[in-house]
Amino acid sequence: DTAVSQTPKYLVTQMGNDKSIKCEQNLGHDTMYWYKQDSKKFLKIMFSYNNKELIINETVPNRFSPKSPDKAHLNLHINSLELGDSAVYFCASSQGGLAGIYEQYFGPGTRLTVT
Amino acid sequence: SQQGEEDPQALSIQEGENATMNCSYKTSINNLQWYRQNSGRGLVHLILIRSNEREKHSGRLRVTLDTSKKSSSLLITASRAADTASYFCATDAITGANNLFFGTGTRLTVIP
């Protein structure tokens, strides 16, 4: 009965490849997020979706694209992977669309290593 | 940037002692949240404090907020080895982007 799940947990790939990370939440939440955590543990918002509409799009490269087939899923597609994309990527969800008001539930993370 | 900054970056204490972590931020906020991250895991929400609140308790956790100083503290009383983790504060912004801004965290080690 995992609340927010991500697959895969580990992803090792070569530069230039295209990869996807999947995220699913079974909490009935309206908003889902993608975060990137670098080697210094700094956590930065990348995207959020509210009712299948993008409501935040931080200044991330357009090689990254979120795709939400339905309210319970928010997948992250990454094209032409670069060494600097290596990080841990976290999916999260919350009840509403105002980020500060509701607690966020995080997935276990996907450690992406680009070689 | 609204990014919060935690202080200290690392803290090591004996089991049973209290641990205090501080967070400072730059712009006015509506709410401030604290999260815990165990090694290799996702973040877990601990407590949310609103800008019109000064103190909040949850079990062994006590959070204070001083909006005039743009700072917050997290106190963990009677620490346990299981409290070993990284602790992050996260703030929204009263204006501007609808984001949560996280700091780089305080790494707490509780020695049994």
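The values are calculated or read from the model by the stated rules, or taken from the named source; none is laboratory data. As the structure is a prediction and not an experimental result, all values here were calculated from the model. So basically every Cβ, Gly included, is an ideal-geometry build from the backbone, and we count neighbours across all protein chains shown. Heavy atoms of the whole protein, side chains included, go into the accessibility calculation; ligands, DNA and RNA do not. Shrake-Rupley method; radii C 1.70, N 1.55, O 1.52, S 1.80 Å.
What the table below lists for this structure:
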| read-out | value |
| --- | --- |
| Scope the stretch B:85-112; condition more than 28 Å from A:Trp34 (Cα to Cα), open to solvent by 30 Å² or more (accessible area, probe 1.4 Å) and among the aliphatic types (A, V, I, L, M); matching residues | B:Ile111 |
| Residues of the stretch A:57-115 satisfying the condition of being of a type in the set (D, E, K, R), more than 14 Å from chain B (Cβ to nearest Cβ) and without any contact (Cβ under 8 Å) to a residue 24 or more places away in the chain | A:Arg63, A:Lys67, A:Asp70 |
| Counted residues, the stretch B:55-84 - those being open to solvent by less than 40 Å² (accessible area, probe 1.4 Å) and either of a type in the set (Asp, Glu) or closer than 19 Å to B:Ser24 by Cα (or both) | 11 |
| Residue within the stretch B:93-111 that is free of Cβ contacts under 8 Å to residues at least 40 places away in the same chain, within 10 Å of the chain's Cα centre (by Cα) and more than 24 Å from A:Gln6 (Cα to Cα) present | no |
| The listed residue being hydroxyl-bearing (Ser, Thr, Tyr), in contact with a Gly (Cβ under 9 Å, 6 or more places away or on another chain) and over 30 Å from B:Thr106 (Cβ atoms), out of A:Ser65, A:Ser80 | A:Ser80 |
| Residues that are of a type in the set (Ser, Thr, Tyr) and in contact with a Ser or Thr (Cβ under 6 Å, 6 or more places away or on another chain), drawn from the stretch B:67-92 | B:Thr67, B:Ser71, B:Ser73, B:Thr84, B:Tyr87 |
| Test result for A:Met32, within 14 Å of chain B (Cβ to nearest Cβ), within 10 Å of the chain's Cα centre (by Cα) and more than 20 Å from A:Leu81 (Cα to Cα) | yes |
| Single residue of the stretch A:36-56 satisfying the filter (among the polar types (S, T, N, Q) and more than 10 Å from every other protein chain (Cβ to nearest Cβ)) that is farthest from B:Thr91 (Cα to Cα) | A:Asn51 |
| Test: residue in the stretch A:33-50 that is on the phi > 0 side of the Ramachandran plot and surrounded by 13 or more Cβ atoms within 10 Å (Cβ to Cβ) | yes |
| Hits in the stretch A:57-85 (condition: touching a strand residue (DSSP E or B) at 6+ places or on another chain (Cβ under 6 Å), open to solvent by 30 Å² or more (accessible area, probe 1.4 Å) and of a type in the set (Val, Ile, Thr)) | A:Val60 |
| Residue, modelled with the lowest pLDDT, within the stretch A:82-106, restricted to residues that are touching a Ser or Thr at 6+ places or on another chain (Cβ under 6 Å) and not in a strand (DSSP E or B) | A:Gly97 |
| Residues that are open to solvent by 10 Å² or more (accessible area, probe 1.4 Å) and of a type in the set (Phe, Trp, Tyr), drawn from the stretch A:86-115 | A:Tyr102, A:Tyr105, A:Phe106 |
| Test: residue in the stretch B:31-49 that is open to solvent by 50 Å² or more (accessible area, probe 1.4 Å) and more than 14 Å from chain A (Cβ to nearest Cβ) | no |
| Residue match in the stretch A:8-18 (condition: under 12 Å from the mean Cα position of the chain (by Cα), over 30 Å from B:Thr27 (Cα atoms), among the aliphatic types (A, V, I, L, M) and at pLDDT 90 or above) | no |
